[in-house]
1. Residues to consider are Val95, Val78, Val73; find the one that is farther than 20 Å from Ser7 by Cβ and in contact with a Phe, Trp or Tyr (Cβ under 9 Å, 6 or more places away or on another chain).
2. Go through (1) open to solvent by less than 90 Å² (accessible area, probe 1.4 Å); (2) over 14 Å from Arg12 (Cβ atoms); (3) part of a loop (DSSP other than H, G, I, E, B) and name the single condition Thr27 misses.
3. Considering only the stretch 79-102, state which residues are surrounded by 11 or more Cβ atoms within 10 Å (Cβ to Cβ) and of a type in the set (A, V, I, L, M).
4. Taking only the stretch 36-85 into account, find how many residues are more than 19 Å from the chain's Cα centre (by Cα) and not in a helix (DSSP H, G or I).
5. Out of the residues in the stretch 46-98 meeting the condition of being in contact with a helix residue (DSSP H, G or I) (Cβ under 8 Å, 6 or more places away or on another chain) and among the basic types (Lys, Arg), tell me which one is farthest from Arg14 (Cα to Cα).
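The values are calculated or read from the model by the stated rules, or taken from the named source; none is laboratory data. Remember, predicted model here, so these are calculated numbers, not experimental data. Here the Cβ positions follow ideal geometry from the backbone for every residue, glycine too, while neighbour counts run over all protein chains shown. To get the accessible areas, we keep the full protein, side chains included, count just its heavy atoms, and leave off ligands, DNA and RNA. Shrake-Rupley method; radii C 1.70, N 1.55, O 1.52, S 1.80 Å.
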Amino acid sequence: MPWKEESPMEQRERFVILAQSDRYTKTELCEQFGISRKTGHKWLKRYAEDGKSGLDERSRAPKCVANRTDKSVERLIVKEKRLHPTWGPKKLQRVLEIKHGI
């Protein structure tokens with residue numbers, strides 16, 4: 001008989017069900033599942049707010065990037081680079097300054 005492997009999502013669901021049953025303390029469950037109490041509280045809060053979909057993995061990507069290059073400038077850089085694939089960043093910067101006033 002093969003071992004039954006449980007996905008992280010199934011483990012989170014089982015954690016929430018056991019926590020809601022009041023048979024175990026949250027601390028006991030966190031130790032049993034090998035997670036911190038902070039993570040356990042996070043899962044319970046997300047489940048209370050969003051239901052089962054709240055237990056899904058969320059993106060860790062930043063919502064905004066402070067020093068991101070403007071899209072129009074990015075397009076110009078890519079355009080010049082395609083026209084002149086051997087040019088490096090210094091040459092492209094100089095061309096953008098002279099030709100496009102950037």
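1. Matching residue, one of Val95, Val78, Val73: Val95.
2. Tallying (1) open to solvent by less than 90 Å² (accessible area, probe 1.4 Å); (2) over 14 Å from Arg12 (Cβ atoms); (3) part of a loop (DSSP other than H, G, I, E, B), Thr27 fails exactly one: (3).
3. Answer for the stretch 79-102, where residues must be surrounded by 11 or more Cβ atoms within 10 Å (Cβ to Cβ) and of a type in the set (A, V, I, L, M): Leu92, Val95, Leu96, Ile102.
4. Total meeting the criteria: 6.
5. Within the stretch 46-98, the match that is farthest from Arg14 (Cα to Cα) is Lys81.
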